[in-house]
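Trainee: The following block contains the structure, expressed as structure tokens.
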Amino acid sequence: MLRRQLQRQGIHVGRRHMGTLMQRMGIQALCPQPGTSKRHPHHKVYPYLLRKVAIRRANQVWALDTTYIPMKRGFVYLTAVVDVASRRVLAHKVAITLEACHASEVIEQAFARFGVPEIVNTDQGSQFTADEFTHAVLSRGCRLSMDGKGAWRDNVFVERLWRTIKYERVYSPVWASSSTIRIFMVARVQNECAMGPAHIPNMTNL
């Protein structure tokens, strides 16, 4: 991004040289920290069910993911449930730990408000492969789908949300507290609801 900005200003710098200059100046690229998708070696991993599936209606497929949000002091984790067809945020939670109880709580919130989907898709993070979360999903009669290891593209539906949120707000000012993140997410969801039902495209995950 910085290299492209310089090119627009007529300053042409090679990719490697750009990296060297950034290192000398102590500049780092903005990217989420690793760990939110770390797999537990003893947990069962479910197969990915969405390949070449046409997603046309609400409550057909929900996607869950957790991302890392830096603050002035420390960091928090933001977990969200998104309806893939409408791209609507159904539920979310901010927490200071990465545990299955938070994933279970946020999916239960979505169940209570919007009913039960046919498929719930997640990555292979330990918070999603834990018995507490898988039971919460399977006991409702949903099928559980999990992305391939390291295949972020499989859960691109939520990755788009993270990209929007982070570059819209997170990586501009640094969050002062977890409360400000909660307020921002609530306002965002309320704004989506005020806009009415989103256009539902014929989405096929290739």
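Every number in this text was worked out from the coordinates using simple rules, so none of it is lab data. All values reported here derive from a predicted model rather than from experimental measurement. Positions of Cβ are backbone-derived with ideal geometry, glycine not excepted, and every protein chain shown enters the neighbour counts.
Trainee: Taking the mean number of other Cβ atoms within 10 Å as a proxy for protection, how do you rank 80-86, 122-128 from highest to lowest? Kindly include the intermediate steps, with their values, before the conclusion.
Mentor: Working: 80-86: 23.4, 122-128: 25.1.
Ranking the peptides 80-86, 122-128 by packing returns 122-128, 80-86.
Trainee: A further question on this structure: What residues qualify as long-range amide H neighbours of I55, i.e. H under 5 Å apart, gap of 5 or more or another chain, H built at 1.01 Å from N?
Mentor: M203, T204, N205
Trainee: At 0.36 nm per residue, minus the direct Cα-Cα distance, what do E159 and E132 gain on full extension? Give it in nm, one decimal, please.
Mentor: Numbers: separation 27, 0.36 × 27 = 9.72 nm, distance 2.39 nm.
Roughly 7.3 nm would be gained on extension.
Trainee: Report the calculated FRET efficiency for I96 and R51 (r = Cβ-Cβ distance, R0 = 25 Å), to the nearest 0.05. Don't skip to the end; give the middle numbers.
Mentor: Values: r = 35 Å, r/R0 = 1.40.
Efficiency at R0 = 25 Å is approximately 0.10.
Trainee: Can you tell me the length gained on complete extension of the stretch R16 to N59, counting 0.36 nm per residue apart and subtracting the Cα distance? Numbers along the way, then the final one.
Mentor: Working: separation 43, 0.36 × 43 = 15.48 nm, distance 4.59 nm.
So the chain would gain 10.9 nm between R16 and N59.
Trainee: So, one more: Amide H of L49 versus every other amide H placed in the peptide plane: which residues, excluding those fewer than 5 positions away on the same chain, fall under 5 Å?
Mentor: M146
Trainee: Which whole-Hz couplings ³J(HN,Hα) result when phi for each residue of the stretch 131-139 is put into the Karplus expression 6.51 cos²θ - 1.76 cosθ + 1.60, θ = phi - 60°, listed in order with x for Gly and Pro?
Mentor: So the Karplus estimates, Gly and Pro as x, are 4, 4, 6, 4, 5, 4, 7, 5, 5 Hz.
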